[in-house]
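The values are calculated or read from the model by the stated rules, or taken from the named source; none is laboratory data. Because the structure is predicted, anything quoted here is derived from the model rather than measured. A quick note on method: Cβ atoms are made from the backbone with ideal geometry, for glycine too, and the neighbour counts reach across all protein chains shown.
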Amino acid sequence: MAGNLGKSAFYFTVIAFISIALVGCLHDDESEEAFGLQVAEDINPDPGIVEINLEAREDYVEIIPGVPSKVYTYNGSVPGPLIRGKVGDTLIVHFTNNLPEPTTIHWHGLRLPADMDGSSVAQTPIQPGDSFTYKFELTEASLFWYHPHVRSNEQVEKGLAGALLVKERKQDLAKEIRKAKQKILVIDDVLLDEDGQVEAAFTGTIEEVLLKKINGRDGNTLLVNGSEMPTMYVKSGEPVRWRMVNIANTRFMRVVVPGHKLTR
């Protein structure tokens, strides 16, 4: 039932899990940029404030088409909704934990006050049924991601992760990037059992469990924005800017498109 991915594969080629179609013309906007990701709704009209509601809860999501998998979600989606802001904005996240266990949100890679960081050192875990408001300034432009810092190996594997895009000013971009179409890609691998369910974190022999605790584990199903083999439509001859975050447990990703040159 699970996807066919050899565990010996240390690197993986992006063309194997994104189908790329060249088309004559297309219309791109923010929904195209999200490339299938749910987008967090900004409930604050102030252009300098991004304010959203975020809920963690158990739900069923079809990782494999037609097979409901029991997972943890942010706002009902895996991965969680894309959060957008720009440098200088204040981000306010009203978070509610409706999971059966404690959790937090860690804002991976961001510089922010310690009490907003969501680490188990700086924040008491948010108990089931409780809420917490994260509030901080977005000071650097990049693509970041958010995830729990409580039992991260299990909670992230079950689906708790999402992308945070902090936009730069256009004048700060190289000329060839300014006009490029942009896609946000959240790349993941998940380990599913024969019934299409996320496999428990520590299974197997004592030796296998110890190796997983030290090195993490590879999944057997590769996902881009929560889907297997999504199709990306691009215009021939037009530059495309891919902004990627690898949220896999331990897998390295090597990104190639045969016949085309990628630059960083």
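What the table below lists for this structure:
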| read-out | value |
| --- | --- |
| Residue within the range 191-207 that is out of contact with any helix residue (DSSP H, G or I) (no Cβ under 9 Å at 6 or more places or on another chain), in a helix (DSSP H, G or I), surrounded by fewer than 18 Cβ atoms within 10 Å (Cβ to Cβ) and modelled with pLDDT under 75 present | yes |
| Residue check for ASN75: farther than 19 Å from VAL186 by Cα and either more than 19 Å from the chain's Cα centre (by Cα) or touching a residue at least 12 places away in the same chain (Cβ under 8 Å) (or both) | no |
| Filter pass, TYR60 being surrounded by fewer than 14 Cβ atoms within 10 Å (Cβ to Cβ) and either among the aromatic types (Phe, Trp, Tyr) or within 18 Å of the chain's Cα centre (by Cα) (or both) | yes |
| Search result, residues across the range 105-119 that are surrounded by fewer than 16 Cβ atoms within 10 Å (Cβ to Cβ) and either over 27 Å from THR250 (Cα atoms) or touching a residue at least 12 places away in the same chain (Cβ under 8 Å) (or both) | GLY109, ARG111, PRO113, ASP115, SER119 |
| Contacts under 7 angstrom Cβ, first residue in the range 236-258 being more than 18 Å from LEU160 (Cβ to Cβ), partner among the acidic types (Asp, Glu) and exposed (fewer than 15 other Cβ atoms within 10 Å of the Cβ), 6 or more apart | PRO239/GLU176 |
| Test: residue in the range 168-188 that is under 17 Å from the mean Cα position of the chain (by Cα) and in a loop (DSSP other than H, G, I, E, B) | no |
| Residue check for GLU101: of a type in the set (D, E, K, R), closer than 13 Å to ALA56 by Cα and in contact (Cβ under 8 Å) with a residue 40 or more places away in the chain | yes |
| Filter result (surrounded by 17 or more Cβ atoms within 10 Å (Cβ to Cβ) and in a loop (DSSP other than H, G, I, E, B)) within the range 120-140 | GLN123, PRO125, LEU138 |
| Residues within the range 230-255 that are in a strand (DSSP E or B), touching a Leu at 6+ places or on another chain (Cβ under 7 Å) and of a type in the set (A, V, I, L, M), tallied | 3 |
